[in-house]
Amino acid sequence: MKDSSAVRLCIVTTTRADWGLLLPVARELSKRDDVKIDVVAGNMHLLERYGHTIDEITASGFDIAGRIPCDVEGDSDASRVLAMAKAMQGAAEVFDRLRPDAVLLLGDRYEMLAIASAAATMHLPIIHIAGGEISEGALDDCYRHAITKLSTLHLTATEEYRRRVMQLGEDPSRVVNTGAIGVWNAFNIPLLSADELGAWLGIDFDGRKVASVTFHPATNDSASPREQVKALTAALAQFPDMIQVISFPNNDAGGESIIPVLEEYAAAHPGNVRAVSSLGMVRYQSLLHIANVVIGNSSSGIVEAPSAGAVTVDVGVRQKGRMAADSVIHCEPTETAIREAIGKALSPEYQQLAAKKENPYYKPDTLRLMTEAITDFLHSLPVPSKKFYDLC
């Protein structure tokens with residue numbers, strides 16, 4: 001039983017990806033008697049089309065204290081703006097009911113900007129994970145920096161990103177380089193065996209080469225995401241002996257146009273391709289450790305895959321600007337470039353490079369650093385109003 005005087009922290013999650021990163025933090029904080037955790041789920045977690053991943057939250061042992069629906073009607077940029085309005089309204093209603101002392105959130109999505117805006121307007125201090133990063137090929141880049149300016153405590157994945165947050169005028173005493181929690185996951189969560197994962201997917205890995213594939217719309221790229229995915233699948237088709245496990249994209253603008261292409265490709269190659277709406281954290285991390293190569297444009301290919309020992313083929317501009325390990329191969333979103341990059345990734349040279357698991361996002365004891373920074377901050381509340389910190 002939690003002490004009624006415990007500090008109340010609202011943890012907001014809107015996608016399968018951010019919950020996988022927030023879960024170990026939530027578990028660690030929930031062990032404390034001086035912190036009361038309320039998990040609030042929104043957006044993709046509530047949608048059947050994307051796996052209804054709210055079920056994964058409850059399966060992890062957490063009750064859902066609130067829901068923030070922000071259904072997207074259509075596949076346009078305007079539809080996302082309307083979804084942001086729904087998210088802001090839903091967040092205001094949830095925060096007003098729960099009355100948290102602070103809000104913890106992660107990342108850089110459009111609905112998370114709306115939720116952070118609601119929290120800031122309601123004078124709720126925000127703890128932000130993964131600020132200071134660059135991803136020039138997506139609107140997430142500006143959302144991330146905007147969330148930084150709305151937040152009070154910042155937990156960054158590298159020292160370079162810490163400096164960038166300070167460059168945005170944030171107080172250095174409130175900016176902590178913790179390393180990336182996704183990398184902590186790669187080394188610490190229990191994994192499924194290849195046989196267990198294969199049984200769930202209905203495929204036998206049988207010692208074959210394995211690829212994990214995820215491609216999201218690059219929302220700052222004028223090129224059609226559908227055409228880029230057609231190039232990607234055309235390149236993948238030239239590796240018929242390689243097991244290919246494809247996760248559906250998120251629900252950014254253009255995402256709906258991608259899914260049918262992936263479904264058609266998987267249906268045409270039942271012997272070696274599986275397409276799923278969501279793997280969940282444990283299955284996804286297990287796949288990363290089994291995979292020889294991670295293909296697409298997900299941030300997990302940049303941040304997490306190197307620590308799982310997989311080579312990454314980073315396609316297109318979505319992740320342009322992020323720090324990357326030497327085992328990450330960048331390529332243009334064309335059939336030829338992707339095919340050549342996959343061939344390079346499967347070479348003994350790159351497989352041996354990836355086996356070293358060298359990663360700029362790794363930092364010892366990331367989970368402890370995060371939870372200590374969060375609890376120290378919570379027990380310092382209320383904090384003075386933010387001031388712009390000028391660099392000398």
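The values are calculated or read from the model by the stated rules, or taken from the named source; none is laboratory data. Please read all numbers here as calculations on a predicted model, not as lab measurements. Note that each Cβ is placed from the backbone with ideal geometry, even for glycine, and that neighbours are counted across all protein chains shown. All accessible areas refer to the heavy atoms of the entire protein, side chains included, with ligands and DNA or RNA removed. Shrake-Rupley method; radii C 1.70, N 1.55, O 1.52, S 1.80 Å.
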Only Lys, Arg (+1) and Asp, Glu (-1) charged, at Cβ; the chain dipole about Cα centre in debye:
640 debye
For a quick check of your reading of the filter: which chymotrypsin sites (Phe, Trp or Tyr not before Pro) in segment 89-165 sit in a DSSP loop and have no more than 15 other Cβ atoms within 10 Å?
none
So for segment 1-155, averaging the separation of alpha carbon pairs under 8 Å that are six or more residues apart and normalising by length, what relative contact order in percent results?
20 percent
With the other protein chains left in place, how much accessible area per residue, in square angstrom, belongs to the chain at a 1.4 angstrom probe?
40 Å²
To the nearest µm²/s, what D does Stokes-Einstein give for the chain at 4 °C and 1.567 mPa s, using the Kirkwood radius over alpha carbon pairs as Rh?
61 µm²/s
Checking the table Lys31/Lys386; Lys149/Lys320; Lys209/Lys357; Lys149/Lys386 against a 20 Å threshold on Cα-Cα, which pairs fail?
Lys31/Lys386; Lys149/Lys320
Could you order Thr375, Thr121, Thr219 by accessible surface area, starting with the largest, using a probe radius of 1.4 Å?
Thr121, Thr219, Thr375
Of all stretches in the chain that avoid trypsin sites (Lys or Arg not before Pro) placed in a DSSP loop and having at most 11 other Cβ atoms within 10 Å, the longest is 32-386
Run through the DSSP bridge list for the chain and note the antiparallel percent, rounded to the nearest 5.
0 percent
Please list, by residue number, every one of the chymotrypsin sites (Phe, Trp or Tyr not before Pro) in segment 308-392 that is coil in DSSP and has at most 12 other beta-carbon atoms within 10 Å.
Phe388
222 nm [θ] for the chain, helices only, -39500 (n - 2.57) per DSSP H run of 4+, per residue, to 500?
-13000 deg cm²/dmol
Of all the Cα-Cα pairs you can form in segment 212-323, what percent are over 24 Å apart?
18 percent
Are there GluC sites (Glu not before Pro) in segment 49-116 that DSSP puts in a loop and that have at most 14 other Cβ atoms within 10 Å, and which ones?
Glu73
For the chain, what's the relative contact order in percent, using C-alpha pairs closer than 8 Å and at least 6 residues apart?
16 percent
Segment Gln352-Ala234, extension gain: residue separation times 0.36 nm, minus the distance between their alpha carbons
39.8 nm
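Express the relative contact order of segment 168-287 as a whole percentage, based on alpha carbon pairs under 8 Å and six or more residues apart in sequence.
On the way: 123 pairs, mean separation 37.3, N = 120.
For segment 168-287, the relative contact order is 31 percent.
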Could you please state, rounded to a whole Å, how far the C-alpha centre of segment 33-99 is from the C-alpha centre of segment 218-263?
26 Å
